[in-house]
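Everything on this sheet refers to the single structure shown next.
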Amino acid sequence: MAEAVALYPIQGGTPTALAMQVKNLMDEKGMTITELARTINYSRPALSQYLNGKYPSDPTEIEEAIMNFITSHGGEVAATSERIAAAPMVKPAFIESRDATAIIGACQSCQAYTGLGIVVGKSGFGKTHTLKYYARQPKVAYIECDDTMGQRDLVKAIEKALGLPISYGTIWERVNGIREFFNVNQGYLLIIDEADKLVSKYSQKKMEILRAIFDQSDVGMIIAGEPKLEAQIKGYISRFANRVDFYVALKGLSANEVRGYLSSFNFEEEAIQEMIARATNPKNGCFRLLDRTLNNILRIMSMRSPDPSGGAPSITTDMIAKASNMMML
């Protein structure tokens, strides 16, 4: 009688806790899947299968090799057989990245202590998304500026954000009305987003309006914009610069933060590395590119037939390439 052969089911492509642990360690060390395979003396395809929860053979030996790698780097090994439950494919409403945490911390401090904060970051780093998220809090007024704004437009936008009746008096009278509102209704935070669009080498009058409101009101204020905002304030509005209590310069997403944002989706390891590159590369990587790519991936997946096995469909580099073709990069 033929000897029975043990089969090890793939279990719907769900990775083990050990696989997730070594993926995080790879990100910390800046190590590719090829380098890890060489280090633990396993083939790259076999390692890729294990990391993606698709290893068809007895995993004992490869798990032992991975555990040795983790412990050699000072880590404590997770349970090898425990599988991460498949999560619904839903994007997080908000990602608590280091940048988001820093922005919210500055907002809270400025609101609590009537301070002035400056937030600068490249376009697409999630600055506006985080500021709008914080603006849901009580006593927070948010306005987003643009290049066409005049002084009256800025004052009108602040009045509207505060729920004040639109006045037709002079700018001085209307600014006084705003100051009076903040002095009577203490504990407010005023967020001015895209503030770099208010400054030029020819005029700083709109920023002077904000300085006058801050100086003569019991209100906290956050001024946010692209990195050039810092130089603009230092170069043209020194009276603003020397009032700054809190300063935040955004750094962008880390590899682990990208993994966390995508944790509800079944990405193959090569695909997750591509998404990490899109979010973190210094030339044009940002949260916006990551999010746009994921949106298009979800559109592609929605047009495909469901997996008969009921498992979460794998997201591959080929799918990312198709998603990219839908965008202007």
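Some observations on this one:
- Among beta bridges that DSSP assigns inside the chain, antiparallel share in %, nearest 5: 5 percent
- Computed from backbone phi, the HN-Hα couplings of the range 100-107 come to 4, 4, 5, 5, 5, x, 5, 4 Hz, rounded to whole numbers (Karplus: 6.51 cos²θ - 1.76 cosθ + 1.60, θ = phi - 60°; Gly and Pro given as x).
- For the chain, the 222 nm mean residue ellipticity estimated from helices alone, with every DSSP H stretch of n ≥ 4 adding -39500 (n - 2.57) and the total spread over all residues, rounds to -14500 deg cm²/dmol.
- Helix 171-184 and the longest principal axis of the C-alpha atoms of the chain enclose an angle of approximately 60°.
- When peptides 55-64, 194-203, 252-261 are ranked by their average number of other Cβ atoms within 10 Å per residue, the highest-first order is 252-261, 194-203, 55-64.
- 3J(HN,Hα) along the range 31-38, derived from phi through the Karplus expression 6.51 cos²θ - 1.76 cosθ + 1.60 where θ = phi - 60°, amounts to 9, 8, 5, 5, 5, 5, 4, 5 Hz, with x in place of Gly and Pro.
- Amide H partners (placed H, <5 Å) of residue 222, local residues excluded: 117, 190, 191, 192
- Rel. contact order, % - alpha carbon contacts under 8 angstrom, at least six apart, the range 219-329: 24 percent
- Relative contact order [Cα under 8 Å, 6+ residues apart], the range 98-249, whole percent: 38 percent
- To the nearest ten degrees, helix 17-29 and the longest principal axis of the Cα atoms of the chain are 60 degrees apart.
- Evaluating 6.51 cos²θ - 1.76 cosθ + 1.60 at θ = phi - 60° for every residue in the range 267-273, the Karplus couplings come out as 7, 5, 4, 4, 6, 5, 5 Hz, glycine and proline recorded as x.
- Among the listed values (1) 27, 42, 25, 6, 1; (2) 28, 50, 15, 6, 2, 0; (3) 33, 57, 10, 0, the one computed from these coordinates for P(r) over Cα pairs in 20 Å bins from 0, in percent is (1).
- Coil-residue chymotrypsin sites (Phe, Trp or Tyr not before Pro) of the range 99-198, DSSP, other Cβ within 10 Å capped at 11: 168
- Subset of 54/322; 160/206; 205/234; 29/228; 23/132 violating a 25 Å alpha-carbon distance limit: 29/228; 23/132
- Taking amide H atoms as placed 1.01 Å from N in the peptide plane, the amide H of residue 248 lies under 5 Å from those of 118, 119, 120, each 5 or more residues away in sequence or on another chain.
- In this structure, the amide hydrogen of residue 315, modeled 1.01 Å from its nitrogen in the peptide plane, lies closer than 5 angstrom to those of 266, 267, 268, counting only residues at least 5 positions away or on a different chain.
- Averaging Cα coordinates gives a centre for the range 130-155 and one for the range 192-261; these two points are 12 Å apart.
- Contact order relative to length of the chain, as percent, for alpha carbon pairs under 8 angstrom and 6 or more apart: 21 percent
The numbers here are math on the coordinates, done by the rules we state, and not lab data. As the structure is a computational prediction, the values presented were derived from the model and not from experiment. Note that each Cβ is placed from the backbone with ideal geometry, even for glycine, and that neighbours are counted across all protein chains shown.
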